[in-house]
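I am attaching a structure below and will ask some questions about it afterwards.
The values are calculated or read from the model by the stated rules, or taken from the named source; none is laboratory data. Just so you know, these numbers come straight off a predicted model, no measurement behind them. For neighbour counting, all protein chains shown are included, and Cβ atoms are generated from backbone atoms with ideal geometry for every residue, glycine included. The area values use the complete protein model at the heavy-atom level, side chains included, leaving out ligands, DNA and RNA. Shrake-Rupley method; radii C 1.70, N 1.55, O 1.52, S 1.80 Å.
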Amino acid sequence: MNNDTLFGRILRGEIPCDKVFEDDQVLAFRDINPAAPAHILVIPKKYIPTIDAAGPEDAELLGRLMLAAAEIARQQGLAAQGYRLVINCKDHGGQTVYHLHLHLLGGRALGWPPG
Ligand code: 5GP
């Protein structure tokens with residue numbers, strides 16, 4: 001599958017990003033339009049368009065995304081007060097970039113429910 005999404009271009013180094021974490025399967029970088037004092041996007045290097053497109057073969061990778069987010073939150077000093085992890089899925093979920101990503105939001109108290 002050809003990954004012509006914005007995050008595919010970031011993964012290929014065609015667009016710069018403010019990287020905060022990388023391993024062999026995961027990349028994390030700061031959101032260009034932060035919705036909170038800390039807003040980091042955690043993405044798999046594998047191209048999966050949406051969480052709806054993930055399958056059982058992705059179970060370990062999805063776990064690694066979550067654990068990477070928790071580790072980044074600790075590194076960024078967000079863990080003591082807490083934070084939020086969000087995955088937007090398709091139109092009603094508010095997804096705009098069709099490469100699966102997890103939002104890590106923190107640095108202030110966040111409202112609930114979301115709009
Ligand atoms: P979504 O709406 O798909 O859940 O999240 C996409 C996110 O990507 C948005 O929060 C948006 O601000 C962020 N974004 C859009 N363009 C860029 C970019 O060029 N660089 C970075 N780092 N983030 C971007």
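Please work out which one of (1) in contact (Cβ under 8 Å) with a residue 24 or more places away in the chain; (2) within 9 Å of the ligand (Cβ to nearest atom); (3) more than 19 Å from residue 3 (Cα to Cα) is the condition residue 99 fails and give its number.
(3)
Hey, among 85, 78, 67, which residue is over 23 Å from residue 2 (Cα atoms) and exposed (fewer than 14 other Cβ atoms within 10 Å of the Cβ)?
Values: 85 fails: exposed (fewer than 14 other Cβ atoms within 10 Å of the Cβ); 78 fails: exposed (fewer than 14 other Cβ atoms within 10 Å of the Cβ).
None of the others qualify; the one that does is 67.
Also, I was wondering about something else. Would you pick out the residues in region 14-45 that are more than 13 Å from the ligand (Cβ to nearest atom) and open to solvent by 20 Å² or more (accessible area, probe 1.4 Å)?
Within region 14-45, 21, 22, 23, 24, 25, 37, 45 meet the criteria.
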